[in-house]
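Notes for the one structure printed next.
The values are calculated or read from the model by the stated rules, or taken from the named source; none is laboratory data. For clarity, every value in this text was computed on a predicted model and none was experimentally measured. Cβ placement follows ideal geometry from the backbone for every residue including glycine, while neighbour counts extend to all protein chains displayed. Side chains included, ligands, DNA and RNA excluded: accessible areas come from the protein's heavy atoms. Shrake-Rupley method; radii C 1.70, N 1.55, O 1.52, S 1.80 Å.
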2 protein chains.
Amino acid sequence: MTAASTLAASTALLTDQYELTMLASALRDGSADRQCAFEVFTRRLPDGRRYGVVGGLDRVLEAIENFRFGEAELEQLASAGVVGDSTLEWLADYRFRGDVDGYPEGEVYFPGSPLLSVRGTFAEAVVLETVVLSILNHDSAIAAAAARMASAANGRRLIEMGSRRTHEESAVASARVAYLAGFTATSNLEAGRRYGIPTAGTAAHAFTLLHDTERAAFESQVAMLGAGTTLLVDTYDITNGIALAIDVAGIGLGAIRIDSGDVGVLARQAREQLDSLGAFETKIVVSGDLDEHAIAALRAEPVDGYGVGTALVTGSGAPTSEMVYKLVEVDGRPVAKRSTHKTSRGGRKIAVRRHKPTGTAVEEAVYPAAAGPELGAHDRFLQIPLLRSGKRVDDLPSLEDNRQRLKDALVSLPWEGLKLSHGEPAIPTVFPEQ
Amino acid sequence: MTAASTLAASTALLTDQYELTMLASALRDGSADRQCAFEVFTRRLPDGRRYGVVGGLDRVLEAIENFRFGEAELEQLASAGVVGDSTLEWLADYRFRGDVDGYPEGEVYFPGSPLLSVRGTFAEAVVLETVVLSILNHDSAIAAAAARMASAANGRRLIEMGSRRTHEESAVASARVAYLAGFTATSNLEAGRRYGIPTAGTAAHAFTLLHDTERAAFESQVAMLGAGTTLLVDTYDITNGIALAIDVAGIGLGAIRIDSGDVGVLARQAREQLDSLGAFETKIVVSGDLDEHAIAALRAEPVDGYGVGTALVTGSGAPTSEMVYKLVEVDGRPVAKRSTHKTSRGGRKIAVRRHKPTGTAVEEAVYPAAAGPELGAHDRFLQIPLLRSGKRVDDLPSLEDNRQRLKDALVSLPWEGLKLSHGEPAIPTVFPEQ
């Protein structure tokens, strides 16, 4: 087994080379120790999306903790000539000792929301750019797609089964944020191990094809997994498959799954057939290229659960979140790139979400960190402390806490904000004191 | 450092649960030992694409070798109740002992190309489905996008810098297949360590903003990295930035980079300015939301290199490859799901690419494995042996070999096949004996 040596035990090289060449230059010219604030934000949401969802923050904290240069990392940098000896020595002692605040996972966000604030010396903060963005950009893209699907499913069961359509490690991270966003379970066993997420799965078409008859396959599965299992009925002929499934498992069969064809029509026919056989409690699960629109379109159909794959793990058209990690403050002085095309605001920022007395969100208000804005009775600060002097603060919210947070946040959006169609962000972002 | 414990040292749980429940049922009913052939193929290319590119095969072989159930994996399966004791015992001894053939990395493919053939008992082959597909679907999607970009760049330098826009491990895999497809270098340091790919990078806007003046930043960078470095000139004003860059580094400056604005117009102005300053050899590198179409549109401009990020790592609109892993043969008998919507052909297959005497490919001919088709002087078999009795065959092609393979394969396509616009596959796939 050599995978442990090929996967990165340290996160330190999950980094763009220019971070280390900047570090080397800054160490040499004395600017490396300047106190800096970097901020993660996004200039826009993916085309037509109404909100973003923060995903991956716990993984970010873990990646920062594991951002250490051991022998393998230093040797690579030396042999590739990326940086010289004095920088290598500095890196050998590196660990992040600064402060981090951010929007917790499951929080919704909008263009300009100050999602993460990383403060420390230039040297210690600049090197984290790539791995922080990799995790947040990926996981948040998947979380946002998953949240739209969960909205569309409206309480019906959602099973994440997209592992095969994305990088094997993205698959694990995707399963995690799908659960964050309200999915019921995942097919991915490693996500079960690593994050304690419920896993699910029974059989594929291969299992039916392996056997001499569909009956033999169904009998074997029911003998192994019990009548409460889900039988896949569309290998040959769905009507025959359903009849056979009930014949084998009885009317106590847990569910049937349909993975092909016009699943709306087929679900209606299946429900009628199951009811006519007396299998009133047998559920119908559909899968096969479902996205949030297909899920919504099936609302009127007798579907009890959805298996979602490709659309989830590819962010349903928006596979990344376009977050950036920008230097906004140097020794207390706001800095920003000058540009006609990209709006950049210097200075560290804090954010307040303002709400009507009814609890409906009305705006994302972003202030200079020193501003001390007043909170109305229904308003709240959006950032929470995450790291202090490089250590996690106590009692960070759990995955379950953040799952509830997203549910609550979505309820607070104006109703237009939950529409699946293209449109403006659900609430505007305002910068009252800039 | 805890990353080693959270990343999967074994690949065995990068697996959908249903593979193990199928295994458990098959072990119980006696069908687990049936000799099976599974095949990886795709029913279609992403919308309008002319060809696919096989990427990730070396990673697949490594994943199969590391597909072993250790204590952590077995404990998870037991505690989650996925399978029972007799299956756990079987898994504890598992390693893949079958045969694998496939299209090598860098080979182009078309709908229906039999990309991978996995043969062994049902039990040993079925469990590999998810991890095999995860790797091939991801890496091939990125490889195909990269190949289109390399075609468009037409020999100009291409630097992969998309790590921040995708999962941190997808980033490493993406850098690898970008290199396979003709990219010159990557910003990703871990890809340099793991795969020996050339890395590149000098400085971001943060480095200029950190310093009191742009001059101080440029002087520091040149002092550290030499005049051959690349200076980023668009933090404040590009014309001033270029003048300053040459003033600081001299006319021997390696390159300038422009990361914003209308890079075509700006490149032309920059070339004129550099030439007027006598910096005739200073190269111009552009970056910022480039895809293959933008790269092609810049062909007429004086651009020497491209930095490509988001579009590469998201597959430029096609982030996955839609490959499937299907059971096609059981104990020598062809099997296939019956379906009106999906074409499935049973039986193990072999593939021949047929060419004109000029070397131009004309068709992908797919035969039953037993057929023994005749090869014309310019034709070739597309699959190569990869594993025999679970062991790698000797002298598998290297990443450099496969890089050349893709170059050669693209040259062999009919010229329409290299067009970036939407269209039909470059050559048809035919099934002469079915």
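Since only B:53, A:413, A:171 are under comparison, the one whose Cα sits farthest along the positive direction of the charge dipole of the protein assembly as shown, derived from C-beta charges on Lys, Arg, Asp and Glu, is A:413. Distances from residue B:276 to itself in the other copies, using label points 7 Å out along the Cα-Cβ axis, amount to 8.3 nm in increasing order.
Counting Lys and Arg as +1 and Asp and Glu as -1 over every other residue whose Cβ lies under 12 Å from the Cβ of residue A:251, the net charge comes to -3.
Averaging Cα coordinates gives a centre for the stretch A:72-90 and one for the stretch B:67-144; these two points are 37 Å apart. Please name which of B:398, B:110, A:161 has its Cα lying farthest along the dipole of the protein assembly as shown towards the positive end, using unit charges on Cβ (Lys, Arg +1; Asp, Glu -1) and the Cα centre as origin. Positive-most Cα among the choices belongs to B:110.
Here the stretch B:295-335 and the stretch B:376-434 have alpha carbon centers that stand 15 Å from each other. Each of A:135, A:423, A:323 was placed along the dipole of chain A (beta-carbon charges, centred on the mean Cα), and the one lying farthest toward the positive end is A:423. Converting phi to 3J(HN,Hα) with the Karplus coefficients 6.51, -1.76 and 1.60 and the offset θ = phi - 60°, the stretch A:205-210 yields 4, 4, 5, 5, 5, 4 Hz in sequence order, with x at every glycine or proline.
Mean projected area of the convex hull spanned by the Cα atoms of the stretch B:120-268, taken over all viewing directions: 11.4 nm². Could you list, bin by bin from short to long, the percent of Cα-Cα pairs of the stretch B:98-174 in 5 Å steps? Percent of pairs per bin, in order: 3, 12, 19, 20, 16, 14, 8, 4, 2, 1. Take the alpha-carbon centre of the stretch A:151-165, take the same for the stretch A:187-240, and report the distance between them in whole Å. Measuring centre to centre over Cα atoms gives 17 Å.
Residue A:388 sits among other residues whose Cβ lies under 12 Å from its own Cβ, and their net charge, with Lys and Arg +1 and Asp and Glu -1, is +1.
Determine the calculated [θ] at 222 nm for chain A from helices alone, applying -39500 (n - 2.57) to every DSSP H run no shorter than 4 residues and normalising by the residue count; nearest 500 deg cm²/dmol. It would help to have the intermediate numbers written out before the result.
Details: 16 runs with 161 residues, N = 434.
For chain A, the value works out to -11000 deg cm²/dmol.
Starting from the Cα-Cα distance between residue A:47 and residue A:33, subtract it from 0.36 nm times their residue separation and give me the gain in nm to one decimal. Walk me through the intermediate numbers first.
On the way: separation 14, 0.36 × 14 = 5.04 nm, distance 3.94 nm.
Full-extension gain reported as 1.1 nm.
Calculated on the Cα set of the stretch A:207-307, radius of gyration then Dmax: 12.9, 38 Å.
Taking B:130, B:121 and ordering them by how much accessible surface each has at a 1.4 Å probe, largest first, produces B:121, B:130.
Working ranking of peptides B:172-180, B:298-306 by packing, defined as the average number of other Cβ atoms within 10 Å per residue, highest first, is B:172-180, B:298-306.
Among rounded, prolate and oblate, which fits the stretch A:350-434 when a ≥ b ≥ c are the square roots of the eigenvalues of its C-alpha gyration tensor, a/c under 1.5 means rounded, and a/b larger than b/c means prolate? Provide the component values of the computation, followed by the final result.
Values: a/c = 1.96, a/b = 1.24, b/c = 1.57.
It is oblate, given that a/c is not under 1.5 and a/b is not larger than b/c.
For chain A, averaging the sequence separation of C-alpha pairs within contact (under 8 Å, six or more residues apart) and dividing by the residue count gives a relative contact order of 23 percent. Can you check what the net charge comes to around residue B:151, using other residues whose Cβ is under 13 Å from the Cβ of residue B:151 (Lys, Arg +1; Asp, Glu -1)? Charge balance near residue B:151 sits at +4.
With +1 on each Lys and Arg Cβ and -1 on each Asp and Glu Cβ, how big is the dipole of the stretch B:1-152 about its Cα centre, in debye rounded to the nearest 20? Don't skip to the end; give the middle numbers.
Values: 12 positive and 22 negative charges, 144 e Å.
Its charge dipole is roughly 700 debye.
Other protein chain C-beta atoms within 10 Å of residue C-beta, averaged over A:324-330: 3.
Based on alpha-carbon atoms only, what is the radius of gyration of the protein assembly as shown relative to the globular estimate 2.2 N^0.38 Å? All intermediate terms of the calculation are to be shown ahead of the outcome.
Details: Rg = 27.5 Å, N = 868, 2.2 N^0.38 = 28.8 Å.
So the Cα radius of gyration is 0.96 times the expected 2.2 N^0.38 Å.
Per residue of B:24-35, how many C-beta atoms from partner chains lie within 10 Å of its own C-beta, taken as a mean?
Values: counts 4, 14, 9, 1, 4, 9, 1, 7, 1, 0, 2, 0.
Whole-number average of other-chain Cβ neighbours for B:24-35 is 4.
For the stretch B:50-147, what value does the Rg/Rh ratio take when both radii are computed over Cα atoms and Rh is the Kirkwood radius, given to two decimals? Provide the component values of the computation, followed by the final result.
Working: Rg = 15.8 Å, Rh = 14.9 Å.
Result: Rg/Rh = 1.06.
When chain B is treated as a Gaussian network with alpha carbon springs shorter than 10 Å, the biggest mean-square fluctuation among B:112, B:423, B:192 belongs to B:423. Summary for residue B:415: label point 7 Å along Cα→Cβ; distances to the equivalent points in the other copies, ascending, 6.0 nm.
Assign unit charges at the C-beta atoms only (+1 for Lys and Arg, -1 for Asp and Glu), then state the dipole size of the protein assembly as shown relative to its Cα centre in Debye, rounded to the nearest 20. Could the numbers behind the result be given before it?
Details: 88 positive and 114 negative charges, 261 e Å.
For the protein assembly as shown, the charge dipole is close to 1260 debye.
Placing +1 on the Cβ of every Lys and Arg and -1 on the Cβ of every Asp and Glu, with nothing else charged, gives the stretch B:149-317 a dipole about its Cα centre of roughly 540 debye.
Heavy-atom accessible area buried between chains A and B is around 9100 Å² (1.4 Å probe, both sides summed). In nanometers and ordered shortest first, the copy-to-copy spacing of the residue B:247 label point, defined 7 Å from Cα toward Cβ, is 8.9.
Taking 7 Å steps out from each Cα toward its Cβ at residue A:384 and residue A:268 produces label points 4.6 nm apart. Share of antiparallel DSSP beta bridges in chain B, in percent to the nearest 5? If I count the DSSP bridges inside chain B, around 65 percent turn out antiparallel. Value of Rg to Rh for chain B, rounded to two decimals, is 1.05; Kirkwood radius and Rg both from alpha-carbon coordinates. Considering only beta bridges that DSSP places wholly inside the protein assembly as shown, some 65 percent are antiparallel.
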